[in-house]
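Written out below as structure tokens is the structure these notes cover.
The values are calculated or read from the model by the stated rules, or taken from the named source; none is laboratory data. Computed from a prediction, not measured in an experiment: that's the story for all the values here. For neighbour counting, all protein chains shown are included, and Cβ atoms are generated from backbone atoms with ideal geometry for every residue, glycine included. Each accessible area value is taken on the protein alone, full model and side chains, heavy atoms only, with ligands, DNA and RNA left out. Shrake-Rupley method; radii C 1.70, N 1.55, O 1.52, S 1.80 Å.
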Amino acid sequence: QVQLVESGGGLVQPGGSLRLSCVASGSIFSINRMGWFRQAPGKQRELVALINSQRDTNYADSVKDRFAISRDDAKKTVYLQMNSLKPEDTAIYSCFTDDYQESYWGQGTQVTVSS
């Protein structure tokens with residue numbers, strides 16, 4: 001069984017920064033992609049950022065130049081550095097990974113950007 005546990009969410013003022021972390025544990029050995037999705041109230045879940053095993057990255061247009069995704073394979077951890085946060089970034093951020101066969105999701109962490 002595979003578990004993903006996110007941390008780092010919270011309340012931040014507009015223009016502030018947060019760093020999300022997600023650790024994978026359990027029976028996962030060859031990690032392909034790792035990434036983050038988000039879902040705001042009343043909206044569909046959307047891709048925020050992905051990083052594959054070759055360190056190729058993919059970002060939503062709305063977060064390019066503000067967010068940075070990285071991973072540490074030894075720790076089975078993916079990070080999302082979020083800078084210049086805006087109120088529209090408010091959402092539940094969920095971690096994602098796959099091992100070339102199955103996909104796994106974390107339960108999510110709340111990010112609220114408000115003054």
Within segment 70-88, take every residue that is of a type in the set (A, V, I, L, M, F, W, C) and open to solvent by less than 50 Å² (accessible area, probe 1.4 Å) and give me the one that is nearest to Ile31 (Cα to Cα). Val78
So in segment 50-69, with the set limited to residues that are closer than 14 Å to Cys95 by Cβ and in contact with a Lys or Arg (Cβ under 9 Å, 6 or more places away or on another chain), which one is most open to solvent (accessible area, probe 1.4 Å)? Leu50
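Would you call Arg38 open to solvent by 60 Å² or more (accessible area, probe 1.4 Å), part of a strand (DSSP E or B), in contact with a strand residue (DSSP E or B) (Cβ under 6 Å, 6 or more places away or on another chain) and not hydrophobic (A, V, I, L, M, F, W, C)?
no
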Neighbours by Cβ (under 7 Å, 6+ apart or cross-chain): first from segment 77-103, under 20 Å from Arg33 (Cβ atoms) and at pLDDT below 95; second among the β-branched types (Val, Ile, Thr) and open to solvent by less than 10 Å² (accessible area, probe 1.4 Å): Asp99/Ile28
Suppose we filter Ser25, Ser53 for residues that are in contact with a helix residue (DSSP H, G or I) (Cβ under 9 Å, 6 or more places away or on another chain) and farther than 22 Å from Gln13 by Cβ; which single one remains? Ser53
Just to be sure I understand, how many residues within segment 89-112 are open to solvent by less than 10 Å² (accessible area, probe 1.4 Å), part of a strand (DSSP E or B) and closer than 15 Å to Ala60 by Cβ? 3
